[in-house]
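A short write-up of the structure that comes next.
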Amino acid sequence: MRFQGRAWKFGSNVDTDAIIPARYLNESAPDALAVHCMEDENPRFASEMKPGDILVAGTNFGCGSSREHAPIAIKAKGVPCIIAKSFARIFYRNAFNMGLAILESNEAVDGVSDGDTVEVDLSSGTIRNLTTGAVFSSNPIPSFMQQIIYDGGLMGHIAKREKA
Amino acid sequence: MAMTITEKILAAHAGKKEVQPGELIEAEVDVALGNDITAPIAIEQFRKTGLESVFDRERLVLVPDHFTPNKDIKSAEQCRFMRRFAREQGITHYFEVGEAGIEHALLPEQGIVLPGDLVIGADSHTCTYGALGALATGVGSTDLAAVMAVGRLWFKVPETVKFVYFGQRRPWVDGKDLILFTIGKIGVDGALYQAMEFCGEAIESLSMDGRFTMANMAIEAGAKNGIFIPDRIVKKYVEGRAKRPYRFFESDADARYKEIIEIDVSQIEPQVAFPHLPSNVRGISQVGDIPIDQVVIGSCTNGRLSDLISAACVLKEKKIAPQVRLIIIPATPVIYREAMRRGLFDIFLDAGAVISPPTCGPCLGGHMGVLAKGERVVATTNRNFVGRMGHKESEIYLSNPAVAAASAVLGRIAGPTELGVEDRQGGQNDAVSG
């Protein structure tokens, strides 16, 4: 699986209240949540990002609440992949369960600026900064975890497996 | 092989003799929890499995506590969705408004979670039950759905960091101050993926409520769980509540820890976490002059009886500053009634406070005290992220209930010693009732 898009750069400790403020958790429809994704953190992101764009962040991305609405909002916004130095534990599980690809790489985060074009190859874990030409590696996602993402999340994966 | 309490509980639930950090296991879950925000997604996911009934109607607990009593139409619809599912499935532990309290105060109080349990909850503060010597951890809605279906879940065995608290606590220093100090020391990802084991002589003398507060905020250091070795205080708390067998586990003397961190509590004064991270702490003497607009005393962190007693000790025969709004939220109906019976409500109302029904409400910017642009709150809650309690330009300062109460009186962030109030037993005294 390969993704290519504009990088939106964020700092460390981006919490789930920043990703999707709790005031919008009175519903769970993905499209409704996507409208407010990151609106307190970076209002420009909410209005200007295009489907396919990639999030790049520092350490502990997704800290705070267990709300699955966070990866749901990001995915529904059209973001296929997040690259961060590290992820908070619950967000990490939730992202895979929702079918949102996430990669950990200190070098890639330091080597990508806001607005750069980035290409991610999920199977090899290779991250390319197409703006600067730099190439970075991350721990590749095991193939069965890639399959979860490909199937649109854990429940889709289970349903597909049961049918087979 | 020597194991920590966390490893022993995981091993016992995985049907294994031993487990070690990093190992992936599948384990049987004793109790699974969802609330009005997380359960609706879990229920939708559960439906996708095609199963007709949940794994055990007595072990799935559903609590409408976040946006209840329903704050708006959409919240009401989410609650109705969960209520209908609970009725359809015959869920034993579904709590309607009137019986419902803040889940992490309610479940231990009702004896639903017990020592030695493996508990998952679709709420990050599920780690609270570690105070009982249970392994409890927060998960997302889809993980909850998986447990609803099969009663099992996969876990990675975490490494454990041991925190040893020694020395004598200073006046007005409680569990909140110990955990805020600890998070300040290690950072908001200082225990990422790890278990935090709390022990030491200063813990042995800490009340059950103080321990719930500490375990509750383990997630604010990124931990998988926070846990205490159950002792006579836990035994006393659990007796009379438990309706099924439970088990006390303890760490082996030669168990392996990733790190052992020793903390001299005699050096810790009441702590205040400044915006916008729980790790951004200062001692109360270092706060300076910060005027405030609102104080909230409540939440799964500090809405228990001893928290309300602590606040009442400070507020007794005093009035809050005219420019301040004080909102007090007893965490459960049982706590609410007991606080009323002991005369705490008179103290609160005389001081000028408003008393809310049990709800998570303002802690996550839901209702019952949302902040306007530029407003500052002192809250006994657990998170001070940007926009957490309202407008993104509002500010949240986290503290213990005594500091919050003193701040309400003085109209700025301040400790109770400034009011000349004496702490008789670390917030545990019964002075206000007698």
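What are the residues in the range A:44-57 that are open to solvent by less than 10 Å² (accessible area, probe 1.4 Å) and either within 13 Å of chain B (Cβ to nearest Cβ) or touching a helix residue (DSSP H, G or I) at 6+ places or on another chain (Cβ under 8 Å) (or both), if any?
A:L55, A:V56, A:A57
How many of the residues in the range A:20-39 are among the aliphatic types (A, V, I, L, M), under 13 Å from A:I74 (Cβ atoms) and either touching a strand residue (DSSP E or B) at 6+ places or on another chain (Cβ under 9 Å) or facing another protein chain (nearest Cβ under 10 Å) (or both)?
Number of matching residues: 1.
Could you run through the range B:124-147 and say how many residues are assigned to a loop (DSSP other than H, G, I, E, B) and either out of contact with any strand residue (DSSP E or B) (no Cβ under 6 Å at 6 or more places or on another chain) or more than 14 Å from chain A (Cβ to nearest Cβ) (or both)?
The qualifying residues number 3.
Please state which one of A:E68, A:E41 is in contact (Cβ under 8 Å) with a residue 24 or more places away in the chain, farther than 22 Å from B:A42 by Cβ and either polar (S, T, N, Q) or touching a helix residue (DSSP H, G or I) at 6+ places or on another chain (Cβ under 7 Å) (or both).
Unique residue meeting the criteria: A:E41.
Considering only the range B:148-165, I want to know if a residue exists there that is more than 10 Å from chain A (Cβ to nearest Cβ), open to solvent by 10 Å² or more (accessible area, probe 1.4 Å), in a strand (DSSP E or B) and within 16 Å of B:I203 (Cβ to Cβ).
yes
Take the conditions more than 14 Å from every other protein chain (Cβ to nearest Cβ), surrounded by 24 or more Cβ atoms within 10 Å (Cβ to Cβ) and touching a residue at least 12 places away in the same chain (Cβ under 8 Å) and apply them to B:G116. Does it pass?
Against the criterion (more than 14 Å from every other protein chain (Cβ to nearest Cβ), surrounded by 24 or more Cβ atoms within 10 Å (Cβ to Cβ) and touching a residue at least 12 places away in the same chain (Cβ under 8 Å)), B:G116 does not qualify.
For the range A:95-164, please list each of the helices (runs of 4 or more DSSP H) lying entirely inside it that holds at least 3 residues being within 14 Å of another protein chain (Cβ to nearest Cβ), buried (at least 16 other Cβ atoms within 10 Å of the Cβ) and modelled with pLDDT under 95.
Here the list reads A:154-163.
Are any of the residues in the range B:192-211 aromatic (F, W, Y), farther than 30 Å from B:P275 by Cβ and open to solvent by 50 Å² or more (accessible area, probe 1.4 Å)?
No, there is no match, as no residue in the range B:192-211 is aromatic (F, W, Y), farther than 30 Å from B:P275 by Cβ and open to solvent by 50 Å² or more (accessible area, probe 1.4 Å).
Give just the number: which of (1) over 14 Å from B:F228 (Cβ atoms); (2) out of contact with any Leu (no Cβ under 7 Å at 6 or more places or on another chain); (3) open to solvent by 10 Å² or more (accessible area, probe 1.4 Å) does B:V139 not satisfy?
Unmet condition: (3).
May I ask you to list the residues in the range A:1-28 that are in contact (Cβ under 8 Å) with a residue 40 or more places away in the chain, in a loop (DSSP other than H, G, I, E, B) and farther than 26 Å from A:D121 by Cα?
A:I20, A:L25, A:S28, listed by residue number.
Look at the range B:388-416 and say how many of its residues are open to solvent by 10 Å² or more (accessible area, probe 1.4 Å) and in a loop (DSSP other than H, G, I, E, B).
Adding up the residues that qualify gives 4.
Are any residues in the range B:167-224 within 23 Å of B:I284 (Cα to Cα), more than 14 Å from chain A (Cβ to nearest Cβ) and among the acidic types (D, E), and if so, which ones?
Selection gives B:D174, B:D177, B:D209.
Can you find a residue that is away from chain B (no Cβ under 11 Å), part of a loop (DSSP other than H, G, I, E, B), out of contact with any Leu (no Cβ under 7 Å at 6 or more places or on another chain) and open to solvent by less than 30 Å² (accessible area, probe 1.4 Å) anywhere in the range A:59-78?
yes
Give me the strands (runs of 3 or more DSSP E) completely within the range B:178-292, filtered to those with at least 1 residues that are in contact with a Leu (Cβ under 7 Å, 6 or more places away or on another chain) and at pLDDT 95 or above, ordered by residue number.
Result: B:225-228, B:271-273, B:281-283.
When B:E204 is evaluated against the numbered criteria (1) touching a helix residue (DSSP H, G or I) at 6+ places or on another chain (Cβ under 7 Å); (2) farther than 14 Å from B:P108 by Cβ, which criterion, by number, is the only one it fails?
So the condition that B:E204 fails would be (1).
The values are calculated or read from the model by the stated rules, or taken from the named source; none is laboratory data. These numbers were taken from a predicted model, which means no experiment stands behind them. When we count neighbours, we look across all protein chains shown, and the Cβ atoms used for this are built from the backbone with ideal geometry, even at glycine. These area figures cover heavy atoms from the full protein model, side chains too; ligands, DNA and RNA do not enter into them. Shrake-Rupley method; radii C 1.70, N 1.55, O 1.52, S 1.80 Å.
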